[in-house]
Amino acid sequence: FTHLEVPPAQPQQQMKGPNLPTALKRNKKGEEGEEEGPRQQSDGDVATSIMNFVDGVPMTVLMTLLTIFTLFGVDIKNWAFDKRADLTFEILLVFAMFMFFLEFVLTTLAKPGFKYSFFFWLDLIAALSIAPDVSFIESAFTSAFTISDAGSEGASVDFGEARTARVVRLVRLIRLIRIVKLYSMVSKVDDAKEEEKLKAQARLAQNAKQAALKRVEASRLGRVLSEQTTRQVICGVLLMLFAMPFLTYEHTDRSKLWGLTQLFWYGRSNCSFANHSGYADVNGQTHPMMYCDKQLEAGATQSTSAWVTQEGWKNVVYLYSQVSQSELDPSAQEAEPPKPLLWLHVPDFLGTGVIRQLDSVETEFGSWQQDSRCAGVVVPDECPYRANTEMLEVTYTPFECVETQDCDKVKATARFNIAATGQEDAKMNLLKTIVVCILLGTMSNLFQSDTQELVIAPIEKMVNIIKQLAEDPLRKTEIGKPAIANKEDTKRRKKKANGPQLETSILENTILKIGGLLQVGFGEAGAEIIGKNMSGGDGELNIMMPGTRIQAVFGFCDIKRFAELTEVLDLEILMFANTIGKLVHSCVHRWSGVANKNLGDAFLVLWKMPEETPGGTATDGKMSLASQKTEIADRSLIAFVKVLAELRRSEEVLKYVHDSRIGERFELFQVELGLSLHVGWAIEGPIGSDFKIDPAYLSPHVNVTVQLELVSRRYDLPLLFSESLYNLLSLRAKDRVRKLDVVTIDGDKHGLFTFPMARDYVVHQPANHTLGDVIKPEALDEVPLEAIESEGAEYLYVVDQDIVQWQEGLNHTLANRFREGLCHYIDGDWAEAKAALESALQADPEDGPTQALLAFMGATGFVAPEEWAGCRPLILPASSP
């Protein structure tokens, strides 16, 4: 969550006495704050502009490419390019280091919370890691790690600018740190996408509370845990890579050092000078500390006490040029040495022991010749090999000259070509870098998988459930089930199902059940009311607010003789009521209605009418407003007809019909319902308090609907609806209904109608039937239901077999004579009405509407009252509440 912390308001102090200067200072400071307000806003705009530049696509692409270059560029240069390409790579490295530091500084200055964060240190280390690969910085770094080794005779050996294996490995490990920069770039891209997504959701939110709610992304927890795991993996792997070289014993190849030492003393063994008073260096100067103790005999060209012969000296020099750790392998004797000798600067045995470079030697074993391009105390620029990575320089100074400056130039030097080894090392280092990248990614995914599956995924599901309930209480909380599950996932779920249930699974199932109970408890109509109420203002539930006026078709369903059934069924009465409730709600929901109230023995349902726009059209532009209202009216009547049909064919209901306990109490028992429909307005909203609320529809039209169901018993009919619904029905629906009476309810005139049904109709039970679904004729078995319903509900009044067959056995004589009698009854000619109705009663002696009208007119001797206006007051049955 993103919180705005507002400081608490300070109590206002009276500015009097000693507090006046303080108040004046506060006032002055406040004025300065007002002046600094635009400046702070300007600073915020600058910071935003900087971050837009740093996080922009061009900068992100450039930094990603530079990161990849710094990770692999040096090794590619050493492997595939010669010395001539060094300048280009040097410029790119300096540019990369500059850009790294530029991005680091800009982000530190402009991004809140970045300073001293994990990514702060990542970016700083990544920028500093480039320094050892820049030549002038590398020279200082190498000099600081120059290794000296004391010989057994007290001499010292200096490897010069050549780095030891440990230093080389350390520098290469520093390059691997740039992997964290690559991770930083990827994380920055992910953060940018996530932030853009959150901004888009916030823009779509209707208020601040919804904006805060939408910022609660279920993946936020997973992303945080993933970042933490990845950070730990990166730090662990890099720490291991840095620690392993220092914990591993290293064998240093000293063959070149030992050979150079021998060449120094072998070459010196033939020293001879005129004064024999010292030892000559490369410049011909003598040094008393290195006196020559060899005396030549008269006429001799070589001291008889020399250590080797001239031929032996040449062989020793040649063998030194072939020195390598593989020389013990007989198969390598004829091969080219892996590190050829480029230049040798030692006391020359053939030149009276003077230190100078040897140009070449010829022996019976072979010949060696120096590489003139790389000859000299200072490496010439035309030398094709890099001084630090492709050449190894070994030097030896006798111990007599270590601590004195008198013979500091008495030094033997050998220079070897190690380019082949450097190229192999570069290739292996490239491979190592790739392996480390793969290792980091693989280990991170492996470490995250169990956490994702056992912790993150269940929590994400729970957060999504809560979000769905908050945004849409009616949305099905079907989450966490992949569309296509592979065999491994199926096996894993089965294996876990057999084991103990985890706490996260228990909590997830509990939230699902709570959400399901809320949905069932509110119902579709109630959930819409509560959802609208919660979406307003700050998102909190507030019942102290005006309701909403709507137009709807209200339906009421009552279970007859419920009190007696409660005495008989006792505890099972709930199962009976829920069986009827399931039947009623299923049919209503199937035909676009919603359930609102469950009153034990009764159910209130409704079909909301479309809202009218200022232009007189419906909010849904697919159909006109009148057409949509007609469609809803037709579907409401079909729903209640289906309720009566399903009541007759339901096996669960038939079990109660044949229940022996009920049979002992009632003769020829049938489950009977009273149904009524009426159209009108209502005020929609929640009713109650903070302790208990219920969604409700407050209106006299709801009461009219209830009264119509009560009066249906007087007409001995299961279904009654008002003229307000009849006026909205389609022509095909109107052809199938029957007008019964005209009454006044609370001063308003209402015509009463019913859907006549043959008493002897045996409902059809199709295979694989769903409650409330259309029953097609055999001629339309191959036609999909979607295609049939696409023609509109009016078409179903001539297609659905419950509607068609239920009226096939109707008595047309009864209908015609009753219609004639009803017309005379409304006109006040009750004598003619009596004759017509008695004729209708002869056609069907059990017709309830006919008996009801004859009974009402008979109370006044079949003479209409003087104030007769074509209607009578609605009189409820005596047993009604």
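The values are calculated or read from the model by the stated rules, or taken from the named source; none is laboratory data. Since this is a predicted model, take the numbers as computed values, not measurements. No Cβ is skipped: glycine too gets one built from the backbone with ideal geometry, and neighbour counts run over all protein chains shown. In case anyone asks, the SASA skips ligands and DNA or RNA and just uses the protein heavy atoms, side chains included. Shrake-Rupley method; radii C 1.70, N 1.55, O 1.52, S 1.80 Å.
See the values below:
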{"read-out": "Residues being of a type outside the set (A, V, I, L, M, F, W, C) and open to solvent by 70 Å² or more (accessible area, probe 1.4 Å) - total across the stretch 667-683", "value": "3"}
{"read-out": "Single residue of the stretch 399-412 satisfying the filter (in a loop (DSSP other than H, G, I, E, B) and modelled with pLDDT of 80 or more) that is surrounded by the fewest Cβ atoms within 10 Å (Cβ to Cβ)", "value": "Lys411"}
{"read-out": "The stretch 360-386, residues that are of a type in the set (A, V, I, L, M, F, W, C), open to solvent by less than 50 Å² (accessible area, probe 1.4 Å) and not in a strand (DSSP E or B)", "value": "Cys374, Ala375, Val379, Cys383"}
{"read-out": "Tabulated pairs, the stretch 49-66, first on the phi < 0 side of the Ramachandran plot, second of a type in the set (Lys, Arg) and crowded, with 17+ Cβ neighbours inside 10 Å, C-beta under 6 angstrom, 6+ apart or interchain", "value": "Met51/Lys111"}
{"read-out": "Selected residue (only one of Gly499, Gly422, Gly536 is over 27 Å from Val224 (Cα atoms), open to solvent by less than 60 Å² (accessible area, probe 1.4 Å) and at pLDDT 75 or above)", "value": "Gly422"}
{"read-out": "Extreme residue, most open to solvent (accessible area, probe 1.4 Å), among residues of the stretch 798-828 that are aliphatic (A, V, I, L, M) and free of Cβ contacts under 8 Å to residues at least 60 places away in the same chain", "value": "Leu810"}
{"read-out": "Residue that is farthest from Met63 (Cα to Cα), among those in the stretch 88-114 that are β-branched (Val, Ile, Thr) and free of Cβ contacts under 8 Å to residues at least 12 places away in the same chain", "value": "Thr88"}
{"read-out": "Those residues of the stretch 715-737 which are touching a residue at least 60 places away in the same chain (Cβ under 8 Å) and of a type in the set (S, T, N, Q), in sequence order", "value": "Ser730"}
{"read-out": "Selection count where residues are in contact with a Phe, Trp or Tyr (Cβ under 9 Å, 6 or more places away or on another chain), farther than 15 Å from Ala426 by Cα and open to solvent by less than 40 Å² (accessible area, probe 1.4 Å), scope the stretch 56-88", "value": "4"}
{"read-out": "Meets criteria (surrounded by 17 or more Cβ atoms within 10 Å (Cβ to Cβ), within 22 Å of Gln628 (Cα to Cα) and more than 54 Å from the chain's Cα centre (by Cα)) for Phe753", "value": "yes"}
{"read-out": "Qualifying residue in the stretch 14-22 (condition: out of contact with any Pro (no Cβ under 9 Å at 6 or more places or on another chain), open to solvent by 40 Å² or more (accessible area, probe 1.4 Å), modelled with pLDDT under 80 and at positive phi)", "value": "yes"}
{"read-out": "Filtered residue count, the stretch 684-712, keeping only those that are open to solvent by 40 Å² or more (accessible area, probe 1.4 Å) and of a type in the set (Phe, Trp, Tyr)", "value": "1"}
{"read-out": "Unmet requirement for Tyr396, which otherwise passes all of (1) part of a strand (DSSP E or B); (2) open to solvent by 10 Å² or more (accessible area, probe 1.4 Å)", "value": "(2)"}
{"read-out": "Residue in the stretch 729-742 that is nearest to Trp806 (Cα to Cα), counting only those that are surrounded by fewer than 20 Cβ atoms within 10 Å (Cβ to Cβ) and not charged (D, E, K, R)", "value": "Val737"}
{"read-out": "Unmet requirement for Arg415, which otherwise passes all of (1) outside any strand (DSSP E or B); (2) open to solvent by less than 20 Å² (accessible area, probe 1.4 Å); (3) in contact with a Phe, Trp or Tyr (Cβ under 9 Å, 6 or more places away or on another chain)", "value": "(1)"}
{"read-out": "Odd one out for Val588, checked against (1) assigned to a strand (DSSP E or B); (2) closer than 27 Å to Lys734 by Cβ", "value": "(1)"}
{"read-out": "Scope the stretch 346-359; condition open to solvent by less than 20 Å² (accessible area, probe 1.4 Å), out of contact with any helix residue (DSSP H, G or I) (no Cβ under 6 Å at 6 or more places or on another chain) and not in a loop (DSSP other than H, G, I, E, B); matching residues", "value": "Gly351, Ile355"}
{"read-out": "Matching helices (runs of 4 or more DSSP H) fully within the stretch 597-666 where at least 1 residues are open to solvent by less than 20 Å² (accessible area, probe 1.4 Å) and at pLDDT 95 or above", "value": "625-649"}
